[in-house]
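Please treat every number below as a calculation from the coordinates, not as lab data. It should be emphasised that the depicted structure is a prediction, and the values quoted were computed from it without experimental measurement. As a convention, Cβ positions derive from the backbone with ideal geometry for all residues, glycine included, and neighbour counts pool all protein chains shown.
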Amino acid sequence: METRIRKIENPDCITQSVIDEAAKIIRSGGLVAFPTETVYGLGGNALDESAANKIYQAKGRPSDNPLIAHIANREQLYPLVKEVPRAAEILMEAYWPGPLTIIFKRSAAVPNSTTGGLDTVAVRMPEHPVARALIESAGVPVAAPSANISGRPSPTNALHVREDLMGKVDMIIDGGEVGIGLESTIVDLTGEIPVILRPGSITCDMLKEVLGEVAVDKAILEPLKKEVKPKAPGMKYRHYAPKADLIIVEGEPEPVAERINVLTQEQVGKGRRVGIIGTDESEPLYAEGIFSSIGLRADESTIAHNLYRVLRDFDRMEVDIIYSEGFSENKLGQAIMNRLSKAAGYRIIKV
Ligand code: TXA
Ligand code: MG
């Protein structure tokens, strides 16, 4: 398949002809990768069974892992869901459009392939102007998982999308770098109390501020216990993973760097290429290995923004093993450490 690449130089000044071309593809059952404020999405008509199937195929994704339906306005929500609980009204008012996905009981309009056979549906109203223009112009809800091959780090720019999906989708809209860099927060509102199924940049505290009581899915807090089954099916797969082995070393900055230096020396001695993930602050503490700064420890939004890019960069450099510093689990840190520990297969050394 030929993949058309279309550039939108300035997302705040949309090129309507590109949007129209992309919307036409979506309406006729094709696939378009596009930027959102979190990560790039791989979009198809959420109400079209065969478009949803094409998405699974292009990503190599297991079909029991449901897709998020992206909408541009409230009117697009009602046909997808059985009911809109009070808590949803509150969340939509506070955080839509934005990086928040809400799980509702679904209506019969949503095909099984979109929801992976569940009786619930995930819905998000993104904020990115290109995403909004595309969904509006398509006139249908757009199912969009992250635009990566299943298991790889999510794409934060169009180059990442090209690496994974060239020749497998009809069009890629290149809208530059995304803002946040980690996928949306997912909140399930189908039970008694709201439950966070995937942490993201809308933090637990931000949700509690407007909803009061909020729980966190056990699979996020106790991921090592095999009997704990995540409620978001996608959270059970090894994910976001680079090709090299990734090991996290947690503790105070200096002992962490000391340990990573020892481990690196051992590996280099065995002739292996070693990558190190640290921050601008810790860079001077490292001697050997290929160092990559993930951002500023003092500003965790920079770490979220660079995490997937750094993992992909190490793939390109073909390192054999990566040691990463750990990060605080406050606020956005919960989402950062959730993704990083999954990428590491939960291999964590505490010093
Ligand atoms: O930020 C994002 O959410 C990005 C951008 C493109 O919008 N999309 C994204 O989609 O991350 P994806 O497919 O990579 O992740 C969706 C997650 C999966 O873990 C899936 O299992 C979960 O949402 N999910 C979808 N529908 C669900 C449902 N009905 N109940 C529980 N979890 C659901
Ligand atoms: Mg994904």
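Every residue, every condition in (1) not β-branched (Val, Ile, Thr); (2) not in a helix (DSSP H, G or I), yes or no:
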residue: 83; (1), (2): yes, yes
residue: 93; (1), (2): yes, no
residue: 97; (1), (2): yes, yes
residue: 110; (1), (2): no, yes
residue: 130; (1), (2): no, no
residue: 148; (1), (2): yes, yes
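Criterion first (more than 16 Å from ligand 2 (Cβ to nearest atom) and either touching a strand residue (DSSP E or B) at 6+ places or on another chain (Cβ under 9 Å) or not in a loop (DSSP other than H, G, I, E, B) (or both)) does residue 172 satisfy it? Let's see the steps before the verdict.
On the way: more than 16 Å from ligand 2 (Cβ to nearest atom): yes; either touching a strand residue (DSSP E or B) at 6+ places or on another chain (Cβ under 9 Å) or not in a loop (DSSP other than H, G, I, E, B) (or both): yes.
For residue 172, the condition - more than 16 Å from ligand 2 (Cβ to nearest atom) and either touching a strand residue (DSSP E or B) at 6+ places or on another chain (Cβ under 9 Å) or not in a loop (DSSP other than H, G, I, E, B) (or both) - is met.
Considering only residues that are hydrophobic (A, V, I, L, M, F, W, C), surrounded by fewer than 17 Cβ atoms within 10 Å (Cβ to Cβ) and not in a loop (DSSP other than H, G, I, E, B), look in region 222-271 and name the one that is nearest to ligand 2 (Cβ to nearest atom). Walk me through how you get there before you give the answer.
Within region 222-271, the first condition is being hydrophobic (A, V, I, L, M, F, W, C), and the residues that meet it are 224, 228, 232, 235, 241, 244, 246-249, 256-257, 260, 262-263, 268.
Still in the list and also surrounded by fewer than 17 Cβ atoms within 10 Å (Cβ to Cβ): 224, 228, 247, 262, 268.
Next, from what is left, pick out any that are not in a loop (DSSP other than H, G, I, E, B): 247, 262, 268.
On the way: 247: 23, 262: 35, 268: 33 Å.
In this case the residue turns out to be 247.
Sort out which residues of region 198-244 are farther than 23 Å from residue 146 by Cβ and among the polar types (S, T, N, Q), and write them in order of number.
none
So in region 7-51, with the set limited to residues that are among the small types (Gly, Ala, Ser) and surrounded by fewer than 24 Cβ atoms within 10 Å (Cβ to Cβ), which one is farthest from ligand 2 (Cβ to nearest atom)?
Once the filter is applied, the top-ranked residue is 17.
If you go through region 129-143 one residue at a time, how many are near ligand 1 (Cβ under 9 Å from one of its atoms) and over 24 Å from residue 85 (Cβ atoms)?
Number satisfying all stated conditions: 1.
With the requirement that a residue be away from ligand 2 (no atom under 16 Å from the Cβ), touching a residue at least 40 places away in the same chain (Cβ under 8 Å) and out of contact with any Leu (no Cβ under 6 Å at 6 or more places or on another chain), what does region 178-199 give you?
179, 187, 189, 190
Out of region 127-155, which residues are within 12 Å of ligand 2 (Cβ to nearest atom) and not small (Gly, Ala, Ser)?
145, 148, 149, 152, 153, 155
Being within 16 Å of ligand 2 (Cβ to nearest atom) and in contact with a helix residue (DSSP H, G or I) (Cβ under 9 Å, 6 or more places away or on another chain) is the filter here, so list the residues in region 101-114 that pass it.
Answer for region 101-114, where residues must be within 16 Å of ligand 2 (Cβ to nearest atom) and in contact with a helix residue (DSSP H, G or I) (Cβ under 9 Å, 6 or more places away or on another chain): just 114.
Against the condition hydroxyl-bearing (Ser, Thr, Tyr) and in contact with a strand residue (DSSP E or B) (Cβ under 6 Å, 6 or more places away or on another chain), how does residue 286 come out, does it pass?
So residue 286 fits the description; yes.
Go through region 182-217 and give me each residue that's small (Gly, Ala, Ser) and near ligand 1 (Cβ under 10 Å from one of its atoms). Quick ask: steps written out before the conclusion?
In the first step, residues of region 182-217 are kept if they are small (Gly, Ala, Ser); the result is 184, 191, 200-201, 212, 215.
Residues satisfying the conditions are 184, 200, 201.
Taking the condition of being part of a loop (DSSP other than H, G, I, E, B) and of a type in the set (Asp, Glu), how many residues in region 183-221 meet it?
Residues meeting the conditions: 4.
Can you pull out the residues in region 195-224 that are farther than 26 Å from residue 346 by Cβ and touching a strand residue (DSSP E or B) at 6+ places or on another chain (Cβ under 9 Å)?
206, 211
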